[in-house]
Amino acid sequence: MMGKIKSLVLFLLALGLWCLCFVSVGEQSLKDSNSFAISKAQAGEAGAVTTKKEKDSGYVVAYYFHGNYRCSNCRTIEQYSREAIEENFLYQLEKKKLIFKVINIDLPENQHFIQDYQLYTRSLIVAESKDGKQIAWKNLQKVWEYLGDRDKFHEYVRSEIQKSLEKM
């Protein structure tokens, strides 16, 4: 009897830790559409960085959002995202046409991103900005689907970022 209780408690603890990685942060619901243009007010709230150089042309920001607890899948998504970006877009990174940011949304100063990007789990977001204002963004939800296949993951991230860069 004691062995069954111990097993049940361990199972519940493991399930709880696993859920931390996937549970909604805040009361966000999964939207049918995961990309859209945003208003000027939302662009300002989303923390678009404005400099003279950036106002002259467009740029893309790839955000990887994580929390305080980071499971192996979350770490892998960050690693694969970084690899795909650095292997395919070194020139754009150097020219600041593409920026990669890793952000902990559990920090108070970053919690606005939960609303800004309708985050419900750890996510890779690609945001497009022109004239210093964020104009559109997309949640690359398939990173979870391709987590077990590094090549598919890299190709997915590369192609989505390439599409955004081509709009700039």
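The table below lists the values:
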quantity: Among the residues listed as LEU98, LEU140, LEU124, LEU90, the single one being closer than 20 Å to HIS154 by Cα, more than 15 Å from the chain's Cα centre (by Cα) and among the aliphatic types (A, V, I, L, M); calculated: LEU90
quantity: Of all residues making up region 92-102, the number that are loosely packed, with under 15 Cβ neighbours inside 10 Å and among the β-branched types (Val, Ile, Thr); calculated: 1
quantity: All positions within region 102-119 that are more than 15 Å from ALA84 (Cβ to Cβ) and touching a strand residue (DSSP E or B) at 6+ places or on another chain (Cβ under 9 Å); calculated: ILE103, ASN104, ILE105, ASP106, ASN110, PHE113, ILE114, ASP116, TYR117, GLN118, LEU119
quantity: Some residue of region 88-107 being in contact with a helix residue (DSSP H, G or I) (Cβ under 6 Å, 6 or more places away or on another chain) and modelled with pLDDT under 95; calculated: no
quantity: Residue within region 54-70 that is farther than 18 Å from VAL126 by Cβ, surrounded by 14 or more Cβ atoms within 10 Å (Cβ to Cβ) and at pLDDT 80 or above present; calculated: yes
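The values are calculated or read from the model by the stated rules, or taken from the named source; none is laboratory data. These numbers were taken from a predicted model, which means no experiment stands behind them. Positions of Cβ are generated from backbone atoms using ideal geometry, with glycine treated the same way; all protein chains shown enter the neighbour counts.
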